Amino acid sequence: MKIPTDLKHKPVIVVEDYSNVDGRNAYHSDAKGLSLGLAQWNERGRVDISAKVWRHTGQRWSRQSEELPLHRVLDLAILVCRAKLYFDEAYRYPNFYDPENPQIDRVGLQGDAMTVAVCTENEMIAEDIRLFVDALARDGELIAERLRTLARILEEMGY
């Protein structure tokens, strides 16, 4: 299925077979493609690049397709890596975190820092964090494969 090129997001680099590799949803995913392109929110004289996940209902392109600026995609990748690293050792805590110190890390970015923490405002955090840990373990192979690929590409880039 070809990603549309007549909408506000203008694809430049595409993955049109993403539904074949979409994790546990592979071959059954409504996420049909990924693209890097010109953002739909561009204004005259200012051009931003965005990443987009293209979802299709079977009849039409979905309004649930998501578009993100590239820095947010990378921030999400940082968050995934930091959370994965944290949960590799979180078994040491009775509830997978320290309620007295829910902050996991402060990741310095552009003169400030992104605070990574367990969401203690979630009334169901005890149950939800266990479900999260279980899902992380269940998807460990999928995540590890992508992290190894990301590490290899970053190394090739000189990072």
Exercise. Where in the stretch 127-159 does the label zone of Cys119 land, with the point 7 angstrom along Cα→C-beta and an amide N cut-off under 19 Å?
Worked result: 127-137
Exercise. When all alpha-carbon pairs of the stretch 10-64 are counted, what percent fall beyond 18 Å?
Worked result: 38
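Rounded to the nearest 500, what is the chain's calculated 222 nm mean residue ellipticity when only DSSP H runs of at least 4 contribute -39500 (n - 2.57) each, over all residues?
Values: 3 runs with 49 residues, N = 159.
Calculated at 222 nm, the ellipticity per residue is -10500 deg cm²/dmol.
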For this session: Could you tell me which of Val12, Asn25, Val47 has its Cα farthest along the dipole of the stretch 10-64 towards the positive end, charges placed at Cβ (Lys, Arg +1; Asp, Glu -1), taken about the Cα centre?
Result: Val47
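How compact is the stretch 71-156 by the rule of thumb for globular proteins, expressed as Cα Rg over 2.2 N^0.38 Å? Intermediate results must be reported in sequence, preceding the final value.
Details: Rg = 14.1 Å, N = 86, 2.2 N^0.38 = 12.0 Å.
Taking the Cα Rg and dividing by 2.2 N^0.38 Å, one obtains 1.18.
State to the nearest 20 debye the size of the charge dipole of the chain about its Cα centre, where the only charges are +1 on K and R beta carbons and -1 on D and E beta carbons.
Using only the charged Cβ atoms, the result is roughly 760 debye.
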Seminar exercise, completed: Length gained, Glu89-His71, 0.36 nm per residue minus C-alpha separation, equals 3.7 nm
For this session: Mind checking the full-extension length gain between Tyr27 and Ile143? Use 0.36 nm per residue of separation minus the Cα-Cα distance, one decimal, nm.
Result: 40.0 nm
Problem set entry | 3J(HN,Hα) from dihedral phi, the stretch 28-35, Karplus parametrisation 6.51/-1.76/1.60, rounded to Hz, x for glycine, proline | 9, 8, 8, 7, 8, x, 10, 8
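Return the loop-located GluC sites (Glu not before Pro) in the stretch 60-159 (DSSP other than H, G, I, E, B) with at most 16 other Cβ atoms within 10 Å of their own Cβ; answer none if there are none.
Glu89, Glu100, Glu121, Glu123
So for the chain, averaging the separation of alpha carbon pairs under 8 Å that are six or more residues apart and normalising by length, what relative contact order in percent results?
12 percent.
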Problem set entry | Pairwise label distance in nanometres, Arg152 with Ile13, each label 7 Å out on the Cα-Cβ vector | 1.7
For this session: Determine the gain in length on full extension of the stretch Asp112-Cys81; use 0.36 nm per residue of separation and subtract their C-alpha separation, reporting nm with one decimal.
Result: 9.2 nm
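Could you tell me which helices of the chain pass both thresholds, a Cα extent of 18 Å or more along their own axis and a mean Kyte-Doolittle hydropathy of at least 0.0, with helices taken as whole DSSP H runs? Please list the in-between numbers first.
On the way: long enough: 70-87 (26 Å, 1.11); 125-138 (19 Å, 0.68); 140-156 (24 Å, -0.05).
In the chain, the long hydrophobic H runs are 70-87, 125-138.
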Exercise. Between Arg55 and residues 5 or more places away or on another chain, which pairs have amide H atoms under 5 Å apart, with H built 1.01 Å from N, and which residues are they?
Worked result: Lys32, Ser62, Ser65, Glu66
Problem set entry | Translational D in µm²/s for the chain (Stokes-Einstein at 10 °C, 1.306 mPa s, Kirkwood Rh from C-alpha pairs) | 87
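Taking the Cα centre as origin and putting +1 on Lys and Arg beta-carbons and -1 on Asp and Glu beta-carbons, what dipole magnitude results for the stretch 71-156, to the nearest 20 debye?
Values: 10 positive and 17 negative charges, 56 e Å.
Approximately 280 debye in magnitude.
Just so you know, all these numbers are worked out from the coordinates, no wet-lab data involved. Computed from a predicted structure; not experimentally measured. Using ideal geometry, Cβ is built from the backbone for each residue, glycine included, and neighbour counts are taken over all protein chains shown.
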